[in-house]
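The values are calculated or read from the model by the stated rules, or taken from the named source; none is laboratory data. Keep in mind the model is a prediction, meaning the values are calculated, not measured. Positions of Cβ are backbone-derived with ideal geometry, glycine not excepted, and every protein chain shown enters the neighbour counts. Accessible surface areas use protein heavy atoms only, side chains included; no ligands, DNA or RNA. Shrake-Rupley method; radii C 1.70, N 1.55, O 1.52, S 1.80 Å.
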Amino acid sequence: MGTSTPFGGGKNNNPLIPSWIGGSSPANGGQPPPPQLPPSQPPPTRYTGPRARFTQFVKSGGDDRRALGKAVSSFVSRTGGGSATTSQRMAAERSAAGNFANVLSRASEAPGGIREVVRTLNFGSLADRPIQDIYAALVDHICPPDGDLDDAHARDAYLEAVNEVMQDQPPDLEKPSPETIRDIIGKFIANAVNQRIVTAIGIGIISLPSDPEEIQAIQSGLHDFVRGCVAETIEEFKGDFREADLRPEIDWIFERAAEVLHDRGDEAVKEEGG
């Protein structure tokens, strides 16, 4: 749902808003069956509140900020089980963010920058490719294709972040500065969280409007809200992604981002008189 990639019914391989939501499945002409929850997961009633609010937000054409705030806040507290549990559920995304931050940190210090790093990762054939090709091709290192749905979400969030970064064209992608690293990681995390929200509370229930401008407003509203919360989190972050073990830093960012999402969601409700 990034603003850099116009929504056209969702990406064929891994749509942020699945193409079948509100429509028929191309395979059988009907709605797909609801996903079977593993016995270890909480009962599906935890989705009811967030889905109702997100539906209200969609029906408003993206104008109902109060409904969006309630949906996001409830996503963290009810669907996710709190900020810590919400973060823990995003294991694939946290792992990918750690891999990504490690590559960027190494590139910032290596004399040959990102090109030297890809050689050490046995991607030597990439070293002389254009910079956008290098970043895009690193998806298999950042997010190993294990076939799991969560891994697929992480890969999609990564490629969306690369797309956004290449549109921004920061001048130091060869040897990224700390500021550029923070910006790139922030983009990835925002995309990952955005997808989690849509997947958790949107699947199988949301009917999209037919007006493309309304669809754009809906996706932009959620995207901008999440991006703002993650940007606030990155601003608070005091690390520099240069530690040997980046897991504590990445875990802190994900958990704190979930806290900010919850708090800003509640604030949006109050601002709109709710």
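Listed values, structure above:
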quantity	calculated
Of all residues making up region 209-236, the number that are of a type in the set (Ser, Thr, Tyr) and either surrounded by fewer than 19 Cβ atoms within 10 Å (Cβ to Cβ) or under 22 Å from THR55 (Cα atoms) (or both)	2
Meets criteria (more than 20 Å from ARG264 (Cβ to Cβ) and open to solvent by less than 10 Å² (accessible area, probe 1.4 Å)) for PRO176	yes
Subset of region 96-130 [touching a helix residue (DSSP H, G or I) at 6+ places or on another chain (Cβ under 8 Å) and over 25 Å from GLY239 (Cβ atoms)]	ARG115, PHE123, GLY124, LEU126, ALA127, ASP128, ARG129
Residue in region 146-169 that is within 21 Å of ARG227 (Cα to Cα), of a type in the set (Val, Ile, Thr) and open to solvent by less than 30 Å² (accessible area, probe 1.4 Å) present	yes
Single condition GLN56 does not satisfy, out of (1) touching a Ser or Thr at 6+ places or on another chain (Cβ under 9 Å); (2) at pLDDT 80 or above; (3) open to solvent by 60 Å² or more (accessible area, probe 1.4 Å)	(1)
Some residue of region 177-186 being under 10 Å from the mean Cα position of the chain (by Cα) and modelled with pLDDT of 95 or more	yes
Any hit, region 67-75, residues being open to solvent by less than 10 Å² (accessible area, probe 1.4 Å) and closer than 27 Å to ASP245 by Cα	no
